[in-house]
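All remarks here apply to the structure that follows.
The values are calculated or read from the model by the stated rules, or taken from the named source; none is laboratory data. No experiment lies behind these values; they were computed from the predicted model shown. No Cβ is skipped: glycine too gets one built from the backbone with ideal geometry, and neighbour counts run over all protein chains shown.
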Amino acid sequence: MSMPTQKIEIGFDLTESGYGPFFRLDDVEQGVLDNTEFVLGGELFYDVTDKVQAVSITRGKNRELDQYDQGLANVVFNNNDRTFDPEFAGSPYAGQIVPKRQIKISSGNVVQFYGLIDDWNLTYETNGDSIASAACSDATSSFALQTIATRTNFVQTSGERINAILDLPEIAWPLELRSIDNGLMTLGADTISDNTNALSYFRLVEQSEPGAFFIGKNGYVVFKDRASGPVSGGVLLSDDGNGIPYQGLRVQYGSELLANEIVLSSVITNTEITTTDPDSIEEYGIFNLTRTNLLIANDSDLVGLAEFYAQKYSSPEYRFESVEVLLDELTTQQQSDLLNLELGDVVEIRFTPNEIPPSITKYAEIIRIDHSVDLNNHVVTFGFATLDFAILVLDDAQFGKLDSGNALAF
């Protein structure tokens with residue numbers, strides 16, 4: 001068994017240098033008209049894997065009630081020959097070692113990160129050993145710097161609102177780079193103030209659904225509404241030899257996801273709803289969850305959301321917080337199964353503490369994916385939200401059972 005093949009590509013525009021698959025007049029091979037192999041120019045992805053020493057990727061969030069952070073990556077290159085030195089005219093990428101170059105990181109032929117290089121950090125040692133580190137982020141960081149001009153929206157579903165904002169000329173996000181659910185929550189016709197932060201507004205729509213808004217590992221803007229229920233029967237992570245083995249598992253059991261006093265307000269209806277779970281308050285004391293300025297158009301939906309939260313978070317949660325997997329020790333198929341997982345996917349986890357039966361089995365939604373890759377090892381860490389209380393999914397073997405903690409959607 002061995003590590004999955006890594007591939008790191010950076011977008012450079014080397015038209016003027018002539019280095020690359022560019023059309024050349026009068027060239028026997030590269031000057032043939034109507035060919036599809038040699039282009040006139042522009043930014044192309046170049047494979048720089050042979051210079052890579054280490055890669056790290058962090059995507060997702062730590063808790064179910066959090067919102068997704070920007071995806072980050074860091075790629076460390078051997079820079080002894082000054083290939084990634086912005087001041088070195090002899091570099092094949094001269095003039096292109098600048099911020100905001102596109103970068104694509106793949107493992108096992110599956111893209112794991114797509115974003116932009118924010119900074120080039122160079123380190124030079126007196127013995128001649130030098131490295132260049134590319135600090136990268138996904139499009140979340142771009143949305144955090146963009147603003148929305150004043151506008152009044154139509155009454156729309158949450159997914160329609162996401163698409164409407166992405167369509168604005170000040171955002172202009174490509175249609176082909178979207179995976180947007182329609183949304184179940186009806187949002188009111190709010191007026192957006194001038195220079196409203198785009199990311200903050202997307203996250204307000206996300207909370208109003210409630211759904212999930214993040215940048216996929218392939219660079220797509222992803223919005224999942226609350227109807228995107230879990231599906232069982234996929235990847236099994238297990239310590240008993242019957243699934244994909246893992247190296248380490250962390251368990252969290254406490255009050256971090258305990259909420260028995262729910263306060264929600266809508267800026268559309270100017271209504272504030274407070275819902276409590278008296279039994280939970282008597283047992284654990286008051287744990288408050290407040291969501292303000294939501295865009296929910298109907299008070300009945302606001303009440304339904306408050307009641308859903310009160311039911312879902314009324315008890316402390318025993319959850320598998322994360323598992324760590326060493327890909328080097330897996331079969332090619334097992335590596336592929338894990339590398340194809342994305343935020344929001346569901347896995348089954350089986351754990352036998354200290355090898356003392358019975359085992360504990362839980363289904364969990366992936367909310368974080370981290371990669372740590374060097375020349376010898378590739379470790380993936382998955383973070384989870386446990387699905388002991390989930391939206392009912394018709395005909396699913398696990399999540400279609402009414403008596404197993406699954407809730408009808410509000």
* Asked: Given the conditions (1) buried (at least 19 other Cβ atoms within 10 Å of the Cβ); (2) out of contact with any Ser or Thr (no Cβ under 8 Å at 6 or more places or on another chain); (3) in contact (Cβ under 8 Å) with a residue 60 or more places away in the chain; (4) outside any strand (DSSP E or B), which single one is not true for ASN218?
  -> (1)
* Asked: Hey, does the range 199-210 have a residue that's surrounded by fewer than 19 Cβ atoms within 10 Å (Cβ to Cβ), over 25 Å from VAL263 (Cα atoms) and either out of contact with any Ser or Thr (no Cβ under 9 Å at 6 or more places or on another chain) or touching a residue at least 40 places away in the same chain (Cβ under 8 Å) (or both)?
  -> no
* **Hits in the range 90-115 - residues which are buried (at least 18 other Cβ atoms within 10 Å of the Cβ) and not in a loop (DSSP other than H, G, I, E, B)** => ILE103, LYS104, ILE105, SER106, SER107, GLN112, PHE113, TYR114, GLY115
* Selection status of GLU256, surrounded by 19 or more Cβ atoms within 10 Å (Cβ to Cβ) and among the charged types (D, E, K, R) -> no
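Matching residues to (1) closer than 18 Å to PHE45 by Cα; (2) of a type in the set (A, V, I, L, M, F, W, C); (3) in a strand (DSSP E or B); (4) in contact with a Leu (Cβ under 8 Å, 6 or more places away or on another chain):
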| site | (1), (2), (3), (4) |
| --- | --- |
| ARG63 | no, no, no, yes |
| ASN127 | no, no, no, no |
| SER142 | no, no, no, yes |
| PHE154 | no, yes, no, no |
* Some residue of the range 282-289 being at pLDDT 95 or above and crowded, with 21+ Cβ neighbours inside 10 Å -> no
* **Hits in the range 363-382 - residues which are over 16 Å from GLN334 (Cβ atoms), surrounded by fewer than 17 Cβ atoms within 10 Å (Cβ to Cβ) and not aliphatic (A, V, I, L, M)** => SER372, ASP374, ASN376
* Flag if ASP279 is acidic (Asp, Glu) and surrounded by fewer than 17 Cβ atoms within 10 Å (Cβ to Cβ) -> yes
* Within the bounds of the range 59-72, is there any residue that is polar (S, T, N, Q), touching a residue at least 40 places away in the same chain (Cβ under 8 Å) and over 26 Å from PHE202 (Cβ atoms)? -> no
* To do: Looking only at the range 355-367, decide whether some residue is modelled with pLDDT of 95 or more and not assigned by TED's automatic domain parsing to the domain that holds GLY219.
  => yes
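State yes or no: is ASP119 acidic (Asp, Glu), more than 18 Å from VAL380 (Cβ to Cβ), part of a strand (DSSP E or B) and not assigned by TED's automatic domain parsing to the domain that holds GLU365?
The answer is yes for ASP119.
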* Any chance you could count how many residues in the range 44-58 are part of a strand (DSSP E or B) and either under 30 Å from GLN207 (Cα atoms) or not small (Gly, Ala, Ser) (or both)? => 10
